[in-house]
Every structure is written in structure tokens, then in C-alpha cells.
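Working notes, structure below.
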Amino acid sequence: SRIVPDALVGPAWPTIYSALGSVMVDGYPIIEGLLNAVHLDHLVELDVDAEDFKKYVDKRINLLGWAEPYAESASGRVVTIHVVHTAADGTRLAHETERFAIRGRSFSNALPAPAAQYGEAAGLHGYEIEDTPRRALRRVVVRAPHDMTAFARTSGDFNPIHTSKRGAAISGLSAPLVHGMWLSATAQHVAQAVDEKGARYELIGWSYNMYGMVQLDDEVEITVERVGKVRRGGLALEVTCRVDGQIVSKASALTRAPRAAFVYPGQGIQKQGMSLDERAKSPAVRDTWERADKLTREKLGFSILAVVRDNPKELTAHGVTYHHPEGLLNLTQFTQVALATVAFAQTARLREAGCDIWPAYFAGHSLGEYNALSSFAQIIPLETVLELVFHRGSTMHHLIERDAQGRSNYRMGALRPNQFGVSDEGVNAYVDGISKATGEFLQIVNYNLAGQQYAIAGTIKGLKALAADASKRAKEYGGKPPFMFVPGIDVPFHSRILRKGVPEFRDKLDSLLPKHIDYSVLVDRYIPNLVACPFELTREFAQKILDVVPSERIEAALEDETTWKSYAEDEQKLGRLLLTELLSWQFASPVRWIETQALMFADRARGGLGVEEYVEVGLGNAPTLANLGAKTLALPEFSGEKVTVYNVGRDEGRVYMTDTDSLVPEVFTEEDSQEASSIADATAAPAAPAANVVSAAPAASASAANAAASGPVADLPFKASDAISMLIAYSAKIRLDQIGDTDTTDTLTNGVSSRRNQLLMDISSELGVASVDGAAEAPMSALKKLVDSVAPRYKAFGAVLSDIVRERLRALFGAAGVKPAQIDKRISEVWQLGEGWRAHVLAALVLQTREGASVRGENLAQLSTDPAKNTAAADALIDAAIAQVAQAHGVSVSQPGAAGGAGGAVVDSAALDAFAQQVVGADGVLAATAKFVLAKLGVEAPKAETESDENAAVVSAVEAELGADWPKQVAPRFDERKAILFDDRWASAREDVARLYYKYAGKNVDIQVNEVSEILNDFGSFLGAGEAVASEAEWFASLSKSRELNNLATIFNDIAHDSRTKLAQNNADTAQATRFAGEVAVVTGVAPNSIAARVVTGLLKGGATVIATSHSFKPSVKSWAKKAYRENAQMGAKLWLVPANLSSYRDVDALVKWVGTVSKKVSGATTTILKPAYEPSMFFPFAAPPVHGTLADSGSL
């Protein structure tokens, strides 16, 4: 960092001035003296990284400079100078650009064109720059020099305006100015300096614009902020220099990417629901899960989505039943597929966001090695790696004997030998000693943290003996517990026990790996578990493999020179040999993670890789490798290394650069401190008693109350977009913060059409609008704007949410006898909050008190789920909800008077309620005293008689289990008397012929030829309509022809021809119109513009008899049915429309009975058949009862 890009500028000044002097105007130099040349901006970009740049210190540099044609501007004539810096060996080091305005002669009012950003590095190297939230990284105050002579000698810039008082005076200045390039170089040093945490920003591109003058001895504040990122690279910075708060210069800069390593954890981190919430944040994640689920369903016989979401204890796939008492996520083959999917999804999101730095080192711990090769290196497709790890897990699983319950005799544990005085050098001997003493198998299989953490595989008996001995030693030594079993693992991974499975797995691996692999992405970047050194396509690397495992294939290749030569000459052949041996022996050999970390973290001077950023692609709740990395860096041998350690789940904001927290410490003036102190003194004393009284209030409420001064708070609008967010979160069983901007109603309902359609209907009902066009396809970001425009006057709550809110408030506050009006009173009168606040608080009470887990992971509840038992508890719950709303909206709020502003005269109502309960409540002081007195008198306290009401109990149970509106949801709607039959195409066809003539003939203008097909489509089909329709059409054809409407006459002639055509299934001309002839189809859940409606029209076009049910029997549905039949039905097609609620079993039974029996009407001696008995051959069930889960939940997958 001691060398900044501007170090190149000093020696370049002669070249710059020579190029500047070469620009001519009418045969004369454009520059007439240094004093009239104003330096506008300075750009420099490096073509080598900082390490290589330093190699050329004290070396000869060749400079090539030239000038662009000058441009006229209001600032003067603008001249752009380019200088290319090239080393003596031909290496291009940098490209520098300087722009000057030559003042005194101005022939334009236009401003100079802005300079390129980032020193033209983006354009010259093709970097993709993306904006990020602005984040302050550092701020430094420097004092400008008292004299610029030293800098002039160093830089070679002797412009007298900077070094001579007389030169400055000629320009009207009282003293020389600070060189603009001094401040540019100083700002570069501020950016590149290494701070106490090791952070530094090596510059590769720099554009520096000068706006004001800096005087000698000025104090300059230099602020460095992140404003963007380079995709797969470094940062985009903005560096601002200020004097007395005024901007004097500003730079845009690019930094080189840090030397990064991406590491992938192995088995043991699995958790139900892991990573599913990320589907709402990234289309790439969603696509990965969909691909993985498709593959596992088709190839492996199960749904990986269902396994991760539900963690079932048993399932059957391809005839094999799998069982694990703690859930299948703990069964090796399912664990490995799940973790491979998670890794691929997380990496896809990194790549989508441009945060997967490349080139970078990469490695994986155990299973993570496959995930690194597949997701990061992209040499193995997702579908292949899922199948591969499933077979890997199956191989490992089946190599171990199990009992009838599926249990093995093996476990894994974690040993911390430093807790009983055993060092890294002695741990192998210690474990081997326990193994020999007990006669049980024990082996170190993961070397994780030198001297502090080792994974041991062994028999249950052997591990128990190891645990007992280690615990005894630790107790004597004074250490902490030294051993723990690793949950969920019952296979001795990476142990010699599994070596017998290597040949079989190698063959499977070879068959599944792609035929062609780009091994160049692995060379010097991929660090295998087996050898803990970078991958190479060399003989030496092959020998390293043979040194640790008895690979017969590699041994044969190395022993025979001819054989080795055949490998060496074919990169694909050699690469495949090395990769298959590395991976096939990996699961039966220890993971050398201690050596891997040492290689990554050690400085390059010590033979290490010098990694600066270490990123674990894993779960935030289990940052295994990130923790190991941090602990390794804390060891004495790495104390001087500055490495930033991230976990993509835990440190999402840092990794994706969405964080905005400032790294610049806040600076408070003395006046600020005194003011804060006086406020604290004024409020602390009166607030203390209240804190003691309100002991029942949650911490969140207390913190919110203390965060703000008392007084009215501005209202929070509760708009239509807030309402649909609440409705979606409730319906989809997710939290509000888990709804992503890219989510759609389809992703939020897991693609279940009935749930999606119900949600769309609920949105329309809640907003009180007929429909919200585009709601089905719109992402949430667009849907929110859409509903706010559709329902700008929305008032909480509408038809749907009001029922939900009423039911939930009854469940939460009913036992305490607290009515909704009392809840409103506490919000509006006690807290003095507006209507919008009321709606947000009620939404929080509904959504954040739900029990169970979100379908996207984590608990639904963020408040207490227990019903309030008394008024005090109810008030505490309301207050906690207010605090949650305030926190979510970044607002500070407190009860008026709670801060003690009235000198202690105001009493908190919550405290008063609590005190009242203590005195006069059911268990208060008065009641307890009365019971004591009665007991002494020998009189029992009266007991309230319990009334038994079985019906009330049933209703209560139904409401608790299914909701208060459940009876309404399942209310029958079927009524055969309301059934409507449309079978009059023979009559409507004649009407259509007449309508067609009078619609177009009245204009006395013939239609165009290209309109014939379109017009015919508008009037439906006339195939097989019969002789009556054909005769009518011919008559209108002759009439049209007599009026010289020849094209219209052609249409009627076509209708006549179609009407006389006999419908037959063996007739090619009418096959489409008869493809469903004779079929009887039942279509449920029909509504205009629905998928079910399109199915009905398609069936009618094929000549089917369709029985359509509709929950809503509104006139609009009947009108649609009439129109659909008229425009789509073939002759012989029939359409029955009947009301039915498919959520009602009673309606389902009634509908089945009605369809399958004859409906008759008897009038005297006459019996009329209204409907024959039908035997449906096709069934399309739309608008089924509410579905919770997916098809996988039924157990059929």
C-alpha cells in the first residue's frame, strides 16, 4: 500500500507537457503559458495488480504520450492527454489520462464533457459495475503542507502557481495553492491504507475531478464510501475531499478483487427448512430448487423439497422404504442431496448478484468438496451432482451394517485435546492408544483445528470409552468438557472402514461425470481434501495422491513411462484420472482441513496463498467453516494475518453488499454531549419507578418506550399494499419479512392453482374491487404499486381480513374479557396513535402470534402465542405488538407521560392495571385475605357451578381447529332446481347467421378478404348445423351478392357448406370438432376468465357434454356460460351449469348423485326426462377445498 497509482504521475510530467505543447491552433501552440492551463481532471488505471506493480519500483519505465484534438467549451479549450506506461520487459503497467482547460480563449457556451469514471478501467477491461447502497468505509482528516516545494521536487510539477508567491499573485492569489495532484495521491493513500482490522482497498482505476482550491495548511476531510461493486470483482468507491464542509475534489475508483477463497461445509449442518426462505429473494435460487425437485422426483423417486421442508421419518422411493428415527435429513443419502441443493442454490444466488469473486480459490469439507466442484467451479451439472451424491451417500450408508430399526454401531464425535493437555502432535497417538486398549475401532477422520478440534469416527463403545477417558483427563487438567457426539451421523465417514466401497463408487463416479471437463478452472485453484494442496495436471501431483492412498490406477500410470506419457499428452485423460481418484478415495480418507486452512491463510512470503477474504457458502445458523476459520486465525502462528471471514447466511449484508452501517465512528461535539447529558438527567429520575411497576411488559415494549420522547407520533399509513402483504403472509403461512420483491402469487402458493386462485379472489374481495388485472403474474414489488393504484381509498380492514382479525383477537383476548374496542382504546388513547398504527398493530397481533414454523423456515411467532389471561397480560401483548411495529418501521414511540415529563404526576395505565389485579384480581390481596378468613371459620369459598354444554364445546373445538368461518366455507350451495342446460346450438346458429348479415351489410361496404376468417371465428362453429341453417345462409349469400357484397357472400356460402357437413370422427375435416363427441366431462370451480373456463370452451369445441359447477352463481357466470356455449359449441355439444361448493362434502355427494341419476318431471300422466343419467369419462377438478401443503404431503411421492 506504500505505492499508489499516482506514483506513476511524477515521472510522466515531461511527457504530459510535451504532448500538451504539441497541440496547435492555426500553426501556434494552444498553450500560451502554464498559468492559463487549468488541470480539470486526472485518470489512471492499472493493468497489473498491486503485487506485480511493486516489482517495478526502481525499474525503467517507457512512456508514450499523445494528445487528442482539442474541444471548445465554456471553460476554455479542453485538451486531453494520454500516457501509456510500459515496463522495459514490454509489460503494460498503466494508462493515464489528464485533461486541461486552456483559458483565455473561449468560443463555446457548452460545458466540458464529463470525464470517464473509474479511470476508464471499466471501459478498457470490460468490467460490469453495479450500484450498491452507499456505505461509509473510512474518514480521515489531513493537514495540507505549509510549503509545496518538496512535493514539486518529488512529482516534477513546478507550476509556479503552487511554488511561487509571485506566480500565485499573477493569478490573483494571495499565496500558492496546494497541488491538486498532492490531494489526489493523499486520497489514494487514505483508500489503500491497511486499518487495524486488515481492511484495505487496492486501487486499479481512479478518476479525480477538482472543483475548488486547497490553501496551504488547510484541514482536509477525506471520506471513502462504497457506492457500487464490480461483478465478480472489487468495489466501486467514491472518495470525497472537503475543506470546511465544502467539496474541493471528488474521485471515483475501482478496487481490485480481494484474494478470495470460497469453502463449502459438509454433513452435520442440515436443518429442516434450510435455505427455503431464499427462494423469495432470488429467481436463481428458486430455479435451482425447482430443478433439484424435478430431478429427485424423476430419477430418485422422492421430492427433495418435501424432505427439506418436512423432514419425514419415513418414505418409499422406487420401491425402497427409507427410515430414520430423527427424520430423513439425518439419513446420509438424503442429507447429501439436500446439502448439495442448498450449496448450488446459494452459489447460484451469489453468481446472480455478481458476488462470486473470480478467480478465487475453492475447497469443500467432505461432501462440500462435491458442492464446490459443482456449484462454484461449474464442472458438474446440478442434476449430475445430485444423483452422484445420492449414490455416494447410499454407498457409504450400505457399507455399514444396521439393525431392524435402521441403527448402525458407528457414530462420530468431536474431540478437543487441548482441554486435557494433548497437543496437535500427540493427538493421533492418544486416539490410537484408546483404540488398542478397548479393542474398538477409532480413527481421526477430520483434522479441523490444530490442537483444538478433531472429528473421530468409531464404534459406539469405542467413542464412549474415548469420551470417558478424555473427560477424566480434562477434569484432572482443569479443562472444559473435551468430547461431544455429533448429532445425526451414524456412518464412519472418511475412515478406512469405507475403503471397500471405493472401487464401486469410482465406477459410478466415472459413469456420471461429464465426458468433457474444463480442468483449467481447477488448476492452482481447487484444493482437494485428500492432499490439501492446489490441483495440478502434473506427475508430482499424481505422486502426492499415491503417497496417501493405495491407488492402483495411479500407481500403474506412474510405474510405466509409456503409460504416463499417454496421460500427459491428453489433458482430458489425465484430468479424469486425477479427479476420479481424488473423489473416490475422499470418502474413505481423512479430511485435512487444518492443512487446507494453513495453506489459505499463510502469507505468500511463507509459501501460502495469502487469502484475504474467506467465504463459507453455508447456513447462517451453522457457520461451521467460518467459525473454524476465525479460530484458526486466532492461533499464534496466524496472528499477523489479516483475513476477513464471512458466512453467506450469517453475513448476507456484507457478502451481497446490501449493508449500510457506517464504519466511520460518529463524532460528537462538546455541545452535543452536554445537551444529551442534560436530557438524560431530566428524564432518568422520574422514569425509574415506572420501570419497576411494569414488570410484566416485554423487553421489546420497554425498549420502544425508552427510545423516544413522549408525545404524539405521526401516523403510519396502512395502504392496500400493506393489506395484501398481510393477507398473503397469513394465507401462505409465512412471515411478512419472508415475502420477497420477486415473489409472485404462484411462488407464494407453491404453484398450487387452487390456492393461487383463492388468494387472487381474496385480494379482490379485501380491496372491494371486481378484479386486479395482472395480479397473477406481477412480482410483489409491482403488485404493491398495482393494488395501491386500484384501491387508493382502502380502509382497514376489508371483507376477508376483518374476519381473520376478529377471530384471532377473540382467541388472544377472549379469556381475559378484553373486547376489540378496548384494544382500540389502548392504541388510540393510551398510546395516542392514529388509525394507521391501529391497523399495523392488529396485523402484528394476527401474524406474529401464530404458532408453528413458517413454510420458509423459522418460527412464525415473534410475539407471545399464549392467550392473555388478564387485562395486564393483554395490555402487555398489545404494547409488545406496538413495539414490533415501531421497530419494523424504524420509528421510536413511547406512551405519552411514560418518560415522566410531568414530574411524576402521570401514572402509566399498564402499571395501574397491574396494580389493580394485585389488589382486587381473582388472585389478588383481597381475594387471598377472604379465602384465609373463610378457611379459619371453617367455611369453604363458594365454587362456581360449571355448566355443561356439549354443543358449545363442539363449536369451540371446531373454531379452534378450523377457524370461526369454517361453517361458512363448507355451507352447501348445490341445488339441482337451479341447473341450466345449454343445448340450443341449432337455434343460436340461425340467429348468428342473421346477426352476421345485418352487422356487416348495413354499412353497404364489402368486408376485406383477410377479415373472412376472423369474422367466422367471432360467430362460432356451424359444422353440422343442418339444412335449415344452410338454406338460411344461402339466402343471405344471394342477398349479399345482389348488393355486390361478394366477400360477405363468400362467408355465407362457407357457412352453408359447413352446415351440410356431416360430423363424423373418421372424417379428417371434422376430426377436431368430434374429438370429444360422446365424452361426458365434469369441470368444477368454473368462473369467467379462469383456467376452468378455458377447459370448458375447449371441450365444447370438441363436441363434449360438459357439466360445469360454479361456487358463485351470479348473473355474470350465467352470461359467460351462455356466451361460451354459443361461440364454442359444436352441434351435439351440451353444457350444464349448476351451483356447487366443492369445499362441502354434502355438495360433493349431492353432485355425484345428481350426475349419475335420471332427473324427471311428472305432470299428470306425462313424465318428462329433464336430464339423463351420465357416466363421466373426464374430470377436471378446479377450485378444490383449501389445500395446505403439496402433493408430496399426501405421501404419494
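Taken together, the values in this text are just the output of simple stated rules run on the coordinates, not laboratory data. Predicted model only: the values in this text are computed from it and were never measured. Note: ideal-geometry Cβ built from the backbone for every residue, glycine included; neighbour counts use all protein chains shown.
Side notes on the structure shown:
- Efficiency of FRET from Cβ geometry, Thr538 and Arg1094, R₀ 60 Å, rounded to 0.05: 0.45
- Spin-label proximity, Val320 to the range 378-396 - amide N less than 16 Å from point 7 Å beyond Cα toward beta carbon: 386-396
- C-alpha long axis of helix 753-767 to longest principal axis of the chain, angle in °: 90
- Options Tyr614, Gly319, Ala775, ranked by Cα towards positive dipole end of the chain, top entry (Cβ charges): Gly319
- Relative to the dominant Cα principal axis of the chain, helix 283-295 is inclined by about 60°.
- Estimated inter-spin distance, Thr240 and Leu981, nm [label 7 Å along Cα→Cβ]: 8.0
- The shape of the range 5-257 can be summarised by an equivalent ellipsoid whose semi-axes, obtained from the alpha carbon gyration tensor, come to 28, 22, 19 Å from longest to shortest.
- Label zone of Asp195 (point 7 Å out along Cα→Cβ, amide N under 17 Å): in the range 219-239 this covers 221-228, 235-239.
- Computed label-point distance, nm, for sites Ser108 and Asp507 using a 7 Å Cα→Cβ extension: 7.6
- You can think of it this way: the chain between Glu559 and Ala71 has 168.5 nm of extra reach, that is 0.36 nm per residue less the Cα-Cα gap.
- Relative to the dominant Cα principal axis of the chain, helix 985-1000 is inclined by about 60°.
- Set of the range 410-432 residues, backbone N closer than 20 Å to the point 7 Å along the Cα-Cβ line of Glu476: 415-432
- Cα-only radius of gyration and Dmax that characterise the range 262-318, units Å: 12.4, 36
- Over all other residues within a Cβ to Cβ distance under 15 Å of Pro481, the charged ones net out to +4, with Lys and Arg as +1 and Asp and Glu as -1.
- Shape class for the range 372-451: oblate, because the ratio a/c of the largest to smallest gyration tensor axis (alpha-carbon atoms, square roots of eigenvalues) is 1.5 or more and b/c is at least a/b.
- Checking the cross-link pairs Lys500/Lys565; Lys271/Lys508; Lys999/Lys1041; Lys978/Lys1161 against a 24 Å limit on the alpha carbon distance flags Lys500/Lys565; Lys271/Lys508 as lying beyond it.
- Set of lysines near Lys197 by C-alpha distance (under 18 Å), chain-local residues within fewer than 8 positions excluded: Lys631, Lys642
- Using the Cβ-Cβ distance between Ala971 and Lys299 with R0 = 45 Å, the FRET efficiency computed as 1/(1 + (r/R0)^6) comes to roughly 0.50.
- Listed values (i) 70, 54, 27; (ii) 62, 47, 43; (iii) 96, 44, 27 include one computed from this model; for semi-axes √(5λ) of the Cα gyration tensor in Å that value carries the label (ii).
- Rounded, prolate or oblate (a/c below 1.5 giving rounded, otherwise prolate when a/b exceeds b/c) for the range 1-136 by Cα gyration tensor: oblate
- Exposed loop sites here are GluC sites (Glu not before Pro) assigned a DSSP state other than H, G, I, E or B and surrounded by at most 14 other beta carbons within 10 Å; excluding them, the longest clear run of the chain is 402-568.
- Rounded to the nearest 20 debye, the dipole size of the chain about its Cα centre is 2320 debye, using +1 on the Cβ of Lys and Arg and -1 on the Cβ of Asp and Glu.
- Descending semi-axes in Å of the range 976-1181, equivalent ellipsoid built from Cα gyration tensor: 36, 18, 16
- Cβ-Cβ FRET estimate between Asp52 and Glu130, R0 fixed at 22 Å, reported to 0.05: 0.25
- 222 nm mean residue ellipticity, helices alone, for the chain (DSSP H n ≥ 4; -39,500 (n - 2.57); rounded to 500): -12500 deg cm²/dmol
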